[in-house]
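Below you'll find the structure, written out as structure tokens, and then a few comments.
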Amino acid sequence: MARYQKPDCRLCRIERTKLFLKGNKCLTDKCPLEKRPFAPGQHGRLRKRVLGYALQLREKQKLKRYYCMSEKQFRLFFRRAEKEKGVTGENLLVMLEKRLDNVVYTLGFALSRSQARQMITHGQVRVNDRKVTVPSYQVKEGDLISLKEKLAQSEKFKEIVETNKTKTIPNWLQVDWDNLQGKVVSLPTRQDITIPVEEHLIVEFYSK
């Protein structure tokens, strides 16, 4: 599988929106998008009209990069969303939001989704006291998310906790900072997902 190896902040500039790939840096003046709010490259400053296929492609790329997924992984999630009952675009967003790496990040146990994925693949995350090493694992209502004791006691993780304690947690999740545990109170709905994306354009992109 091809792996993106260029600067993460370059992706934010390409999509011209913050994808929150670099943790707290994205919230400060050091964010490259704040300094250079235009696409990278020689012609990045030019204003181009994005219509039709290009608009659909940009929405797909933005959502895929927001959740740090490869094209193959993203397409697989879309095909699963098509088979679910309901609106395909909303199904896709809900399935992406239920990914374990996204939940660990949203709870505040990691500074970015890529860091959350690394924690999971290294066996440092527990779901209902069972080790889960698959970042795309779909959480269910009532699931209890906890961390390996050795990780929870590390100085690096304590810094993450102090940084994220003031983070706003969505209503479908609950966090216990004293015991460093999170709980899936209910499954997310479209109203819980605040990503600036028009999912119907992604459905149109894959429908061609």
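Looking across the stretch 87-142 at every residue that is small (G, A, S) and without any contact (Cβ under 8 Å) to a residue 40 or more places away in the chain, the one that is surrounded by the most Cβ atoms within 10 Å (Cβ to Cβ) is identified as A116. The residues in the stretch 145-155 that are surrounded by fewer than 15 Cβ atoms within 10 Å (Cβ to Cβ) and of a type in the set (A, V, I, L, M, F, W, C) can be counted, and the count is 0. Taking (1) outside the structural domain of A54 (by TED's automatic domain parsing); (2) in contact with a helix residue (DSSP H, G or I) (Cβ under 9 Å, 6 or more places away or on another chain); (3) of a type outside the set (A, V, I, L, M); (4) outside any strand (DSSP E or B) in turn, S146 satisfies each apart from (4). Scanning the stretch 158-176 for residues that are surrounded by 13 or more Cβ atoms within 10 Å (Cβ to Cβ) and either part of a loop (DSSP other than H, G, I, E, B) or free of Cβ contacts under 8 Å to residues at least 40 places away in the same chain (or both) gives I169, P170, W172, Q174. Just one of (1) in contact with a helix residue (DSSP H, G or I) (Cβ under 9 Å, 6 or more places away or on another chain); (2) of a type in the set (A, V, I, L, M); (3) not in a loop (DSSP other than H, G, I, E, B) fails for M69. It is (3). Just one of (1) in a helix (DSSP H, G or I); (2) out of contact with any Gly (no Cβ under 9 Å at 6 or more places or on another chain); (3) not β-branched (V, I, T) fails for H200. It is (2). When P188 is tested against (1) surrounded by fewer than 14 Cβ atoms within 10 Å (Cβ to Cβ); (2) part of a loop (DSSP other than H, G, I, E, B), only condition (1) is not met.
Look at the stretch 75-113 and say how many of its residues are of a type outside the set (D, E), closer than 30 Å to D178 by Cβ and either assigned to a helix (DSSP H, G or I) or modelled with pLDDT of 95 or more (or both). Before the answer, list the steps.
Start the filter on the stretch 75-113 by keeping residues that are of a type outside the set (D, E), which leaves 75-81, 83, 85-89, 91-96, 98-100, 102-113.
From what's left, closer than 30 Å to D178 by Cβ: 94, 96, 98-100, 102-113.
Within this subset, residues satisfying the condition of being either assigned to a helix (DSSP H, G or I) or modelled with pLDDT of 95 or more (or both) are 94, 96, 98-100, 102-107, 113.
Qualifying residue count, the stretch 75-113: 12.
The values are calculated or read from the model by the stated rules, or taken from the named source; none is laboratory data. Predicted model, so just to flag it, every value in this text is computed and none were measured. In this analysis, Cβ positions are derived from the backbone assuming ideal geometry, glycine residues included, and neighbour counts consider all displayed protein chains.
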